[in-house]
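Participant: Starting off with a structure, shown below.
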């Protein structure tokens, strides 16, 4: 992926939709009861109060030192992306007539997509069916991140998933822009836009001046997309056989990973037009 260009993608949700029946969820976990810790808390408070009375000046002097130390650690870990390394996660919603999309300022990514006209069907303990909203991309273990090659940071790269993006929503509420500034004057920007009555999301990247923040010995950015597919059908064994990753090389027909175990497809140097995480009847795709 050329880091100096604007790249447009389309995210497509809910293809091959026919009917929605789902696997019953796992039984709810038993809530753990919290033990009483009043005596320990009180003892800790007394100790803290005693130390504060004995050494107030040392504690007051330590605060700015700790703050400066934290800033130094952030600069070392994130390099030119350190301005975006601190923040508070915020959530935003984009929606049209057919879907509702939740996004996070941390990573500037999609957290979940709810399809308004389609549902999962779950079974309760009495095997009675209940309809619940059908959502895609909602697993908390999912990853959608860009790895920026940065010289002189411990890991050799900085992940967009660890950055707090500045968010700007359009007046009509149909698009949102996430921007992560750098100390070199450039920024990394992601924009999501919805169209009426459409399952497609226009996804644009803009990276002006970002090359000044990146390792000049590295030519490309790396996109890592991990999607834990939800169980959407009652017959989950049958569904598992049809859940896979599809992709379309630019100069060939589409193909897919057999994915019966921990299979891996290596496409070194192959230009890909699109890639999709697919359940039996639903898919999330990234298309150029």
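The values are calculated or read from the model by the stated rules, or taken from the named source; none is laboratory data. Computed from a prediction, not measured in an experiment: that's the story for all the values here. Here Cβ is always computed from backbone atoms with ideal geometry, including for glycine, and neighbour counts include all displayed protein chains.
Participant: Among 221, 137, 194, 202, which is the only one that is more than 23 Å from residue 98 (Cα to Cα) and touching a residue at least 24 places away in the same chain (Cβ under 8 Å)?
Facilitator: On the way: 137 fails: more than 23 Å from residue 98 (Cα to Cα); 194 fails: more than 23 Å from residue 98 (Cα to Cα); 202 fails: more than 23 Å from residue 98 (Cα to Cα).
Answer to the check: 221.
Participant: For residue 183, are the conditions met, namely being at pLDDT 95 or above and assigned to a loop (DSSP other than H, G, I, E, B)?
Facilitator: So residue 183 fits the description; yes.
Participant: For the range 92-106, name all the residues that are more than 12 Å from the chain's Cα centre (by Cα) and without any contact (Cβ under 8 Å) to a residue 40 or more places away in the chain.
Facilitator: 93, 100
For every residue, the table says whether it meets (1) surrounded by 20 or more Cβ atoms within 10 Å (Cβ to Cβ); (2) not in a loop (DSSP other than H, G, I, E, B).
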position	(1), (2)
141	no, no
189	yes, yes
198	no, no
211	no, yes
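Participant: May I pose another question? Mind counting the residues in the range 125-137 that are in contact with a strand residue (DSSP E or B) (Cβ under 6 Å, 6 or more places away or on another chain) and either farther than 28 Å from residue 276 by Cβ or modelled with pLDDT under 85 (or both)?
Facilitator: 4
Participant: Would you check which residues across the range 95-124 are closer than 20 Å to residue 224 by Cα and out of contact with any helix residue (DSSP H, G or I) (no Cβ under 8 Å at 6 or more places or on another chain) and list them? Can you show your working first?
Facilitator: So the first thing to find is which residues in the range 95-124 are closer than 20 Å to residue 224 by Cα, and the list is 102-113.
Of everything in the range 95-124, those that are closer than 20 Å to residue 224 by Cα and out of contact with any helix residue (DSSP H, G or I) (no Cβ under 8 Å at 6 or more places or on another chain) turn out to be 102, 103, 104, 105, 110, 111, 112, 113.
Participant: Filter the range 107-133 down to residues that are exposed (fewer than 13 other Cβ atoms within 10 Å of the Cβ) and at negative phi and give me whichever is farthest from the chain's Cα centre (by Cα).
Facilitator: Selected residue: 126.
Participant: Here's another thing I want to ask about it. For the range 146-158: of the residues being surrounded by fewer than 20 Cβ atoms within 10 Å (Cβ to Cβ) and in a strand (DSSP E or B), which is nearest to the chain's Cα centre (by Cα)?
Facilitator: That would be 147.
Participant: Out of (1) surrounded by fewer than 18 Cβ atoms within 10 Å (Cβ to Cβ); (2) at pLDDT 95 or above; (3) touching a helix residue (DSSP H, G or I) at 6+ places or on another chain (Cβ under 7 Å), the odd one out for residue 80 is which?
Facilitator: (1)
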